[in-house]
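The values are calculated or read from the model by the stated rules, or taken from the named source; none is laboratory data. Keep in mind it's a predicted model, so treat the numbers as computed, not measured. With ideal geometry, Cβ positions are generated from the backbone for all residues, glycine too; neighbour counts draw on all protein chains shown.
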């Protein structure tokens, strides 16, 4: 058993290393690789009850979350696996016949709300049912981007001007899907210092979509001409706010000023039960070199200033009009309900 534990640790630390070295990047790839790792752990671990299995998954999940605090989709997948185990345990319990008094059974049903289930009870065929559920979940992940893109024609209409920021694969697929049936214009803010917006603009141009690339400073000036804003996000927080690429707050504020709707494309695996903790920014944000936006030749000035270049912005929920996920459109105020369907409250804090 110890040999396998060492093997598990090796795979966990290998995934952490690959993510930190950017061998695995992008929320989707992180999600897929995390689910595959957890599936292998569930398959090969020695356990007898749902409680033992949840302990195994939680132990390895904590290592991932502590090592990758900014990659919330990793923690989300750990919580999702725990939710799947809980659901299959309860399904197995309900399908198992029990020799109890009917009145006692009715009493249990009435008083079960708020009670705690005993996951240490053995359930037959728990492992096959958990693996089948995980397989279905993996299929859902694979189709999530297509399901979001299919909704494009419902939200983008002919001759509209759409603004976006930086580069998001979900936004790119969304706009290209809409362009297959509609003619519209896209304004792309370059999103310095990484300037990923240039890549998106070039890709849209190759697809024959009328695209204008602008500097971030032109966002407010052009917003009065825009019909809607479509952006991606890194994480959807528990209150409906966003942890999105830096510059998203600027776009959302400008859109609010001109009453332009802001649509956020966010597959369900980006929904996190975390809140923004203003006293602990290290768990919410990170900082990179400002080299991309500074003239390094002017060393005289640079030696006298401190420059902070955050990667993420926090966008409060009141600036968001609609979330589009692979399950449809949702208002920011509905996020709490989606979280209760995706994760168990006991797993919010790993």
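Can residue 90 be described as modelled with pLDDT under 55 and farther than 30 Å from residue 284 by Cα?
Details: modelled with pLDDT under 55: no; farther than 30 Å from residue 284 by Cα: yes.
Considered against the rule, which asks whether it is modelled with pLDDT under 55 and farther than 30 Å from residue 284 by Cα, residue 90 comes out as no.
Just the residues that are part of a loop (DSSP other than H, G, I, E, B) and crowded, with 17+ Cβ neighbours inside 10 Å, please, taken from the stretch 211-237.
226, 233, 234, 237
Quick check on the stretch 275-295. Is at least one of its residues modelled with pLDDT of 80 or more, assigned to a loop (DSSP other than H, G, I, E, B) and touching a helix residue (DSSP H, G or I) at 6+ places or on another chain (Cβ under 6 Å)?
No: zero hits.
Give just the number: which of (1) modelled with pLDDT under 90; (2) closer than 21 Å to residue 233 by Cβ; (3) in contact with a helix residue (DSSP H, G or I) (Cβ under 8 Å, 6 or more places away or on another chain) does residue 44 not satisfy?
(2)
Going through 189, 178 one at a time, which residue ends up being closer than 22 Å to residue 293 by Cβ and either without any contact (Cβ under 8 Å) to a residue 40 or more places away in the chain or assigned by TED's automatic domain parsing to the domain that holds residue 319 (or both)?
Values: 178 fails: closer than 22 Å to residue 293 by Cβ.
Just a single option satisfies the conditions, and that option is 189.
Can residue 208 be described as over 24 Å from the mean Cα position of the chain (by Cα) and not in a helix (DSSP H, G or I)?
Spelling it out, residue 208 is indeed over 24 Å from the mean Cα position of the chain (by Cα) and not in a helix (DSSP H, G or I).
Of all residues in the stretch 193-215, which are over 26 Å from residue 74 (Cβ atoms) and either in contact (Cβ under 8 Å) with a residue 40 or more places away in the chain or out of contact with any strand residue (DSSP E or B) (no Cβ under 7 Å at 6 or more places or on another chain) (or both)?
195, 202, 203, 206, 207, 208, 215
Quick check: is even one residue across the stretch 126-137 at pLDDT 90 or above, within 17 Å of the chain's Cα centre (by Cα) and either in the same structural domain as residue 223 (by TED's automatic domain parsing) or closer than 17 Å to residue 27 by Cα (or both)?
Scanning the stretch 126-137 turns up at least one residue that is at pLDDT 90 or above, within 17 Å of the chain's Cα centre (by Cα) and either in the same structural domain as residue 223 (by TED's automatic domain parsing) or closer than 17 Å to residue 27 by Cα (or both).
Taking the stretch 57-84 on its own, how many of its residues are more than 12 Å from residue 342 (Cα to Cα) and either more than 12 Å from the chain's Cα centre (by Cα) or not in a helix (DSSP H, G or I) (or both)?
Final tally of qualifying residues: 15.
In the stretch 299-330, what residues are buried (at least 16 other Cβ atoms within 10 Å of the Cβ), in contact with a helix residue (DSSP H, G or I) (Cβ under 6 Å, 6 or more places away or on another chain) and assigned to a loop (DSSP other than H, G, I, E, B)?
The answer is 309, 320, 326.
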